[in-house]
1. Could you check segment 229-257 and list, in sequence order, the residues that are assigned to a loop (DSSP other than H, G, I, E, B), touching a residue at least 60 places away in the same chain (Cβ under 8 Å) and either touching a Leu at 6+ places or on another chain (Cβ under 8 Å) or more than 26 Å from residue 97 (Cα to Cα) (or both)?
2. Out of the residues in segment 43-75 meeting the condition of being surrounded by fewer than 16 Cβ atoms within 10 Å (Cβ to Cβ) and in a loop (DSSP other than H, G, I, E, B), tell me which one is modelled with the highest pLDDT.
3. Within segment 248-257, is there a residue that is farther than 27 Å from residue 113 by Cα and not basic (Lys, Arg)?
4. Which numbered condition trips up residue 91, out of (1) of a type outside the set (Ser, Thr, Tyr); (2) at pLDDT below 95; (3) crowded, with 18+ Cβ neighbours inside 10 Å?
5. Return a yes/no flag: does segment 84-97 have any residue that is among the charged types (D, E, K, R) and under 17 Å from the mean Cα position of the chain (by Cα).
6. State all residues of segment 88-97 that are in contact (Cβ under 8 Å) with a residue 12 or more places away in the chain and out of contact with any strand residue (DSSP E or B) (no Cβ under 9 Å at 6 or more places or on another chain); if no residue qualifies, say none.
7. Kindly list the number of the only condition in (1) surrounded by fewer than 17 Cβ atoms within 10 Å (Cβ to Cβ); (2) at pLDDT below 95; (3) closer than 21 Å to residue 169 by Cβ that fails for residue 278.
Amino acid sequence: MALSIGHSATFLLTTGSPMKTTGLVLISILFLLLSGCDTADYPEPTQSDRQEMLIYCGMTMIKPVLELAAEFEQQENCTVKLTYGGSNHLKHSIEINQIGDLFLPGDDSFIRELQQSGIVTETQSIGYNQAALFVQYGNPKNISPELSNLTDRQLHTVIGSDKSGSIGRETRRILDQAGLYQDVVDNALYLTTDSKGLVKAIKTKEADIVINWQAVLHLDDNTKYMTLLPIAEQYIEKQPLILGLLRYSPQPELARKFMALAASKTGQRTFKRYGFRD
């Protein structure tokens, strides 16, 4: 399923349904590379006039990257295509399909893994991600910001899977450090693929409490549905957002220009507006 938002930046949806703890199912990624260009505003150029660039983007960062992509298209007279979903799914897609220019996962461990295999050749730090607890809007059950609440049998808990998305990896790191991971998994209604699945669990009131990236509070109308509870500093870390250049890029100089834009003052302001730290 492809979603086109804005003028010519194109979304390629790569999401999956929730995965139960008794049998985690990895979802294969479907690529539908469709141009969303509005020909009324942008007359179709010849192939030699307009370069194309493909960015793999973790779910939570899609809004700021879309804004920067629209600006970049105007600046460079190019087309930017974005495929988004769980970071681990995107990583596997890069490894299998061997196409694309840039990769921005929600956790820099995915970049490090692709650096080790030589797939990511250059990197640019563009900010930080940080996790938090989320409960229903207004916290009607008066849940305290304690990780142990994720093991409470009276509360409906949903967490991200560490096999599919960056928030799942971060959740496991936090809960392993607290010595709670297996207890939380045993108590969870299900494990979902990514941050979007966690937002849905709150919005549909399936979940009373989840761990998700703080930045999701700045997406869409999420503030109407959820309240953020900060995790104790002893467990929390700022997770670097690292943009990686792929060795498969047919136009690495164009990709480097986008990396520079994302790291610029303009890029930093854009990411900060969506709740990311600079």
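The values are calculated or read from the model by the stated rules, or taken from the named source; none is laboratory data. If you're wondering where the values come from, they're calculated on a predicted model, not measured in any experiment. Positions of Cβ are backbone-derived with ideal geometry, glycine not excepted, and every protein chain shown enters the neighbour counts.
1. 230, 231, 232, 235, 236, 237, 238, 249
2. Checking each candidate, the answer is 49.
3. Step one: filter segment 248-257 for residues farther than 27 Å from residue 113 by Cα, giving none.
No, every residue in segment 248-257 fails to be farther than 27 Å from residue 113 by Cα and not basic (Lys, Arg).
4. (2)
5. So far as segment 84-97 goes, yes, one or more of its residues are among the charged types (D, E, K, R) and under 17 Å from the mean Cα position of the chain (by Cα).
6. Keep residues of segment 88-97 that are in contact (Cβ under 8 Å) with a residue 12 or more places away in the chain, which gives 88-95, 97.
Residues satisfying the conditions are 88, 92, 95, 97.
7. So the condition that residue 278 fails would be (3).
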